[in-house]
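These notes concern the structure reproduced below.
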Amino acid sequence: MRLTVAEQDNVQPAASTQAEATQAEATQAEATQAEATQAEATQAEVSAQPDLSGLAAPARELLNRLELALANFHPQVAALQDLPQVTVMSADLAKVCRVLKDDPGISASQLMCLACVDYEEYFQLVYMLHSIDPEGTMVIKADVTYDQPKAPSVASVWRAADWYEREAHDLFGVVFEGHPDLAPLLLYEGFEGFPGRKEFPFHEYQEF
Amino acid sequence: MTEASSKIAAAGEPMEMLLNMGPQHPSTHGVFRMVLQVDGEKILDSEPHIGYLHRGSEKLCEGEQYHQVITLFDRMDYIANFNNEMVYCMAVEKLMGLTVPERAEYVRVILCELNRIASHLLFVATMGLDAGAMTPSMICFRGRERVQALFEAVSGARMMHNYFRVGGIKEDLPENFGEMVGELLPLLRADVEESDKLLTFNEIFLARLKNVGAISTEDALDYGFTGPCLRACGVDYDLRKAQPYSVYDRFEFDVPVGLDGDCWDRHYVRVQEMYESLKIVEQALEQMAEGNIASSLGRRLIRPPKGEVYVRAENPRGELGVYLVSDGTDKPYRLKVRPPSFCNLSAIRHLLRNTWIADSVVILGSLDIVLGEVDR
């Protein structure tokens, strides 16, 4: 998956020839980008405080409300670009989601997206929640182990979670405890392996 | 057949049977299968089966460079290609902190809104066909063809355009673009009006769609409805208004909402949206100025910085979200798409309960699904 150093070296000259006409501009932009990355890195080193600079005032307010509502669950707050983000323990997920849906100050009425990310040592579940009134989008994250990936189901909180969890179960093998029926959704019955995972080969297909 | 149907039922006793609908069925709008548990003409329960078009697009994105991914987005919601490309480009641009030149933004908005009209025209055509009206579909397809001819002149392809780029667009518009759109708009408006007049308040059409497949606002939110399906329930929420992206804050347009959340409202909201989109195109064409069409950084082989981003936009079918994780290389580490049809379709079991078999076709049609993005 990841490019090796040698491959990266191959790629670089080709790219710069392509952009010869705009090279001066591009180099400048690249320099700015590099500066920004450096600044980011130093900031991370200096303090363990999360970088909340991307959050606008309403998002920051929402983050405060989230922190308050989830005080019992030891939330770790951060920002995903312009969205407030809270990381919780995976075992608390169902309770956390129930609180967020029922809390009148947050009222996360919609589960917009459930993404599972394979970080090779662990999986991360990312829930995008949305509330229409008061308007706000928030991100809830929880890590699950690689060997025994399981998390409590939130299908009882939002029915939208039903298919999302079946999809994550199909592609990544995450078991959602309490889900009514984790039957294959996108894959056929009897498919072996979890094609969403990084370890799943790209070009070796199963006969069906 | 099933056990239930092999038994001889006594008079008046319910006789249940399973009825398989799809995957090759003209009214499933793609390859989608439902198993209906019916008692006579009444649907007691249903079991939707998706995944016939699953190509692992999200996984494929992890093996492609950032610019190559655009072609995969074309093939997800293949009725609204420009809108799909736009959301992906917005995600990468946000991650890189790129600003798109103003002209490129206007080009994108014009093409996206025309694509919305083309998509909704296809919806009206198939909605009419599902309800038994043949003629409006001819008019709708004529209008759609006009839009696609323009798309071909701009991008070289009728459907899989691959025209947007991270940081702008591929190349500038043809010289006579303004005239082409100027000629297209009155014709398109005439097509929309004609199909609208023929279909929307037709008595048979009303009888087939009104009070059929209604969903309450609470249920709609619970199932993650977005876009016209949610607005048909009376929720005034459109991302172009609520969280204006691109240059949508510079246009005046209304957000049509329904009342009852039934099939007819879902149809009517879309019809009204076409008129609003026409308004946006007219305004954008007026405001558009000459200028750059792509930022210099976007043209090169790109490597966004490490990080994550979640971007969403109002597509014809609802809210398309892209969650992008970058590890600093030239390929995305993970790309999760939140397809609007996926959520809208997940409510089909709820919608079909205790309806008639004949209504199942219009209920499914009114959700306006594209299986390419449901299955990905």
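The values are calculated or read from the model by the stated rules, or taken from the named source; none is laboratory data. Please read all numbers here as calculations on a predicted model, not as lab measurements. All Cβ positions, even for glycine, are placed from backbone atoms using ideal geometry, and neighbour counts span all protein chains on display. Only protein heavy atoms, including side chains, enter the accessible area calculation; ligands, DNA and RNA are left aside. Shrake-Rupley method; radii C 1.70, N 1.55, O 1.52, S 1.80 Å.
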* Label-reachable residues, region A:173-203, where backbone N falls under 12 Å from a point 7 Å from B:Arg55's Cα toward its Cβ -> none
* Asked: Rolling a 1.4 angstrom probe over the protein heavy atoms, how many square angstrom per residue are accessible across the protein assembly as shown?
  -> 42 Å²
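Roughly speaking, what % of Cα-Cα pairs in the protein assembly as shown are separated by over 37 Å, rounded to a whole number?
34 percent
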* Work from the charge dipole of the protein assembly as shown (Cβ charges, +1 for Lys and Arg, -1 for Asp and Glu, about the Cα centre) and give the residue of A:Leu111, B:Leu259, B:Val281 farthest towards its positive end. => B:Leu259
* Taking chain B as a Gaussian network, where each spring joins two C-alpha atoms under 10 Å apart, which residue of B:Pro136, B:Pro174, B:Pro48 fluctuates the most? -> B:Pro174
* Given R₀ = 41 Å, FRET efficiency for B:Glu286-B:Glu218 by Cβ-Cβ distance, to 0.05? -> 0.50
* Size of charge dipole - the protein assembly as shown - debye, nearest 20, with Cβ of Lys, Arg +1 and Asp, Glu -1, no other charges -> 320 debye
* **Members of region A:146-186 that become less accessible by 30 Å² or more once partner protein chains are added (1.4 angstrom probe, chain alone as reference)** => A:Arg159, A:Ala160, A:Trp163, A:Tyr164, A:Glu167, A:Leu185, A:Leu186
* Asked: In a solvent-free Debye calculation with one equal scatterer on each Cα, what is log10 I(q)/I(0) for region B:56-375 at q = 0.11 Å⁻¹, listed in the order of the q values?
  -> -0.66
* Residue by residue through region B:357-363, which ³J(HN,Hα) values in whole Hz follow from phi under the Karplus form 6.51 cos²θ - 1.76 cosθ + 1.60 (θ = phi - 60°), with glycine and proline marked x? -> 4, 4, 6, 4, 5, 6, 5
* Applying 1/(1 + (r/R0)^6) with R0 = 35 Å to the Cβ-Cβ distance of B:His25 and A:Leu52, what FRET efficiency is obtained, to the nearest 0.05? -> 0.10
* List for region B:216-243: residues with 30 Å² or greater reduction in accessible area, all protein chains versus chain alone, probe 1.4 Å? -> B:Leu221, B:Asp222, B:Tyr223, B:Tyr237
* Put +1 on the Cβ of each Lys and Arg and -1 on the Cβ of each Asp and Glu in chain B; which of B:His29, B:Leu230, B:Tyr323 then has its Cα farthest toward the positive end of the dipole? -> B:Tyr323
* Quick one: net charge around B:Asn81, please, counting Lys, Arg +1 and Asp, Glu -1 for every other residue with C-beta under 9 Å from its C-beta. => -2
* Asked: B:Gly258: net charge of surrounding residues, Cβ under 12 Å, Lys/Arg +1, Asp/Glu -1, itself excluded?
  -> -1
* Would you list the P(r) distribution for region A:57-177, with all Cα-Cα distances sorted into 5 Å bins from 0 and each bin expressed as a whole %? => 2, 12, 24, 26, 19, 12, 5, 1, 0
* Chains A and B: buried accessible surface, both sides, probe 1.4 Å, rounded to 100 Å²? -> 4800 Å²
* For region B:122-131, take each phi angle, set θ = phi - 60°, evaluate the Karplus expression 6.51 cos²θ - 1.76 cosθ + 1.60, and give the result in whole Hz per residue in order, putting x for glycine and proline. => 5, 4, 4, 4, 6, 4, x, 4, 4, 8
* Asked: Check A:Gly136: other-chain or 5+ apart residues with amide H under 5 Å from its amide H, H built from backbone geometry?
  -> A:Ser131
* Where labels lie 7 Å past Cα in the beta-carbon direction, separation of B:Tyr275 and B:Leu44 in nm -> 4.6 nm
* Could you pull out every residue, at least 5 positions away or on a different chain, whose amide H is within less than 5 Å of the one on B:Asn315? Hs are placed 1.01 Å off N in the peptide plane, and Pro or chain starts have none. => B:Leu320
* Structure fact -> Residues of region B:51-65 that bury at least 50 Å² of accessible area, probe 1.4 Å, when all protein chains are present rather than the chain alone, are B:His54, B:Lys59, B:Glu62
* Structure fact -> Between A:Tyr146 and residues 5 or more places away or on another chain, the pairs with built amide H atoms under 5 Å apart involve A:Phe123
* Accessible-area composition of region B:56-375, carbon plus sulfur, in percent [1.4 Å probe] -> 50 percent
* With a Förster radius of 35 Å, plug the Cβ-Cβ distance of A:His74 and B:Val35 into 1/(1 + (r/R0)^6) and report the FRET value to the nearest 0.05. => 0.20
* Report ³J(HN,Hα) in whole Hz for each residue of region B:191-202, in order, from the Karplus equation J = 6.51 cos²θ - 1.76 cosθ + 1.60 where θ = phi - 60°; Gly and Pro get x. => 5, 4, 5, 5, 5, 4, 5, 5, 9, 3, 9, 5
